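The values are calculated or read from the model by the stated rules, or taken from the named source; none is laboratory data. Values in this document were obtained by computation on a predicted structure and should not be read as measured data. Please note: Cβ atoms are built from the backbone with ideal geometry, for glycine as well, and neighbour counts cover all protein chains shown.
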Amino acid sequence: MEPPQYPAGPHTPEGDYGPARRAELIEEIVNAPVALRDAVAGLTAAQLETQYRNWSIRQIVHHIADSMPFTPVGSRCCVR
């Protein structure tokens, strides 16, 4: 069985949004590390090695963790 192309669904960009929506998105970024930790907390070592498109879950988690410090830099243009 082939994995789905877009497991979270295809990207549908939002139009312009105001300060309230921007605050929601910032809150989502702030809470992302805890949500990720909670999502993988109960996984076994074997489950962490499950492959998705040449990456294991463990590698994906490490990649996200490595990139999180740069999120504010990359997002700066979006919150002006």
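Observations
- Filtering the stretch 17-43 to residues that are farther than 18 Å from ALA65 by Cβ, at pLDDT 90 or above and in a helix (DSSP H, G or I) leaves PRO19, ALA20, ARG21, ALA23, GLU24, GLU27.
- Every residue from the stretch 42-66 that is surrounded by 10 or more Cβ atoms within 10 Å (Cβ to Cβ) and in contact (Cβ under 8 Å) with a residue 40 or more places away in the chain: TYR52
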